[in-house]
Amino acid sequence: QDGMRDVYKLVTKSNTCSLAVTGKATGKEGVDVAAEARVLRSDIQKARNNLLIGSSCLNGELFELAANGDDARLKEAMAFYDYVEVQPLGNYSTMIAMNSLPSVDRLKTVIRRLISTAKEMGIPVIADSDAHYCRPEQKIFRDVYIMSQGVGGATHPLYIRDENLRRKTKNQDQHIRLTGEMLQEFAWLNDEKLIEEIVLDNPEKLFDLIEDGIHPVPDGTFAPHIENSGDKLRAICHKTAKRMYEFEGKVPDIVIDRLDMELDNIIRNGFDVHYYIAHLLVIKSNLDGYVVGSRGSVGSSFTATMSGITEVNPLIPHYLCPH
């Protein structure tokens, strides 16, 4: 669970402190900035106690070094990882189509080199699907994503620029492969013991290193906290009700009863801070010259009306006399 927290911290930092701006493009509203979230290796090192680091897919440094680097550089890079990943041959099809690799035989040589180097260094090799979606029929969504242009004109790493080649090249299958499929995908290794090791044994050993009962999001609700937000919300709403509805020193019971019923439930269930934040946001927007006319679910909330969040009034139809 500490590792999950560290991952969230790394993701946050990658989208803020180490966000890498890759380009700019002028759009209708001004300038669009193309940027990528980057996790620094130094930050990963600081969190190593709670994390397991894998070597990634064909875009990772190890695959590149196994294909084009010398042994010393490959071993130096591999020492950083807790486990080395290899994927089914079909996952590398785009590289072969674009001649980044000349043939399937060369691809097999590269994968064998990854496996043998990792075994020499005592680092477990794990065969995985590199799944980007769950089921084969969902592949069409990934195809659309690969073809889509990103902010600033960025293209997906798997996008083939040559139109003729792109039209006749099928994107790799990246669904979650089950055990039988994975065993079949690596049958080309012709080593039953090795296949079972990377498909079955090593993944189980990896899972044994992971704490049971990890929750990506903790149970319960975690509302933001503002001191005395409930009292502040109640005071704002009653002040508005008095300004709008008071006649001869009295606010009609239909107004007070509805307002107190809502406020009591909102505050008791801890939602007052959300209403109060929305109230502050609307005030800020109005001061900046923006008209806020909220609709949607707040249309049924008299508290939202009295706190200035919405113009919609859910009371039965009535007239208001300014005098």
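The values are calculated or read from the model by the stated rules, or taken from the named source; none is laboratory data. Predicted, not measured: the structure shown is a model, and the values here were computed from it. Counting neighbours? That spans all protein chains shown, and the Cβs are built from the backbone with ideal geometry, glycine included. For accessibility, only protein heavy atoms count, side chains too; no ligands or nucleic acids. Shrake-Rupley method; radii C 1.70, N 1.55, O 1.52, S 1.80 Å.
Relative contact order of the chain: what whole-number percent is it, with Cα pairs under 8 angstrom and at least 6 residues apart?
12
Show the residues, 5+ positions off or on another chain, whose built amide H is closer than 5 Å to the amide H of residue 83.
When sequence neighbours closer than 5 places are left aside, the close amide H contacts are 53, 55.
Rank these by accessible area, largest first, 1.4 Å probe: 113, 177.
Reading off the accessible areas and sorting them downward yields 113, 177.
Relative to 2.2 N^0.38 Å, what does the C-alpha radius of gyration of the stretch 187-233 come to as a ratio? Two decimals please.
Here the Cα radius of gyration is 2.51 times the empirical estimate.
Using all C-alpha to C-alpha distances in the stretch 162-271, build P(r) with 10 Å bins and read off the rounded percent in each one.
Calculated over all Cα pairs of the stretch 162-271, the distribution is 10, 19, 14, 11, 10, 12, 14, 8, 2, 0 percent.
Rounded if a/c is under 1.5, else prolate if a/b beats b/c, else oblate: with a ≥ b ≥ c from the C-alpha gyration tensor eigenvalues square-rooted, which is the stretch 246-323?
Because a/c hits 1.5 or more and a/b fails to exceed b/c, the stretch 246-323 counts as oblate.
Please tell me which of these pairs span more than 29 angstrom C-alpha to C-alpha: 168/205; 119/170; 46/119; 46/75?
The pairs that break the limit, which is 29 Å between Cα atoms, are 168/205; 119/170.
Per DSSP helix of 4 or more residues, -39500 (n - 2.57); summed, then divided by the residues of the chain. What does that give at 222 nm, rounded to the nearest 500?
-13000 deg cm²/dmol
Which far-off residues, 5 or more places away or on another chain, put their amide H under 5 Å from the one on residue 22, with H placed in the peptide plane?
34, 35, 36
Beyond 29 Å between alpha-carbons counts as too far, so tell me which of 239/284; 13/139; 9/108 fall in that bin.
Result: 13/139; 9/108 exceed 29 Å.
Express in % the proportion of alpha carbon pairs of the chain at distances exceeding 24 Å.
Counting every Cα pair in the chain, those more than 24 Å apart make up 71 percent.
What is the percent carbon and sulfur in the accessible area of the chain, measuring with a 1.4 Å probe over the protein chains and ignoring ligands?
Solvent-exposed carbon and sulfur of the chain make up 54 percent of the total.
Could you size up the charge dipole of the chain around its Cα centre, putting +1 on the beta carbon of Lys and Arg and -1 on that of Asp and Glu, and report it in debye to the nearest 20?
It works out to roughly 1120 debye.
Kindly work out what percent of the DSSP beta bridges joining two residues of the chain are antiparallel, to the nearest 5.
Just about 60 percent of them are antiparallel.
So if the hydrodynamic radius of the stretch 19-162 is defined as the Kirkwood radius over C-alpha pairs, what does Stokes-Einstein give as its diffusion coefficient at 37 °C and 0.692 mPa s, in µm² per second?
My calculation gives 187 µm²/s for D.
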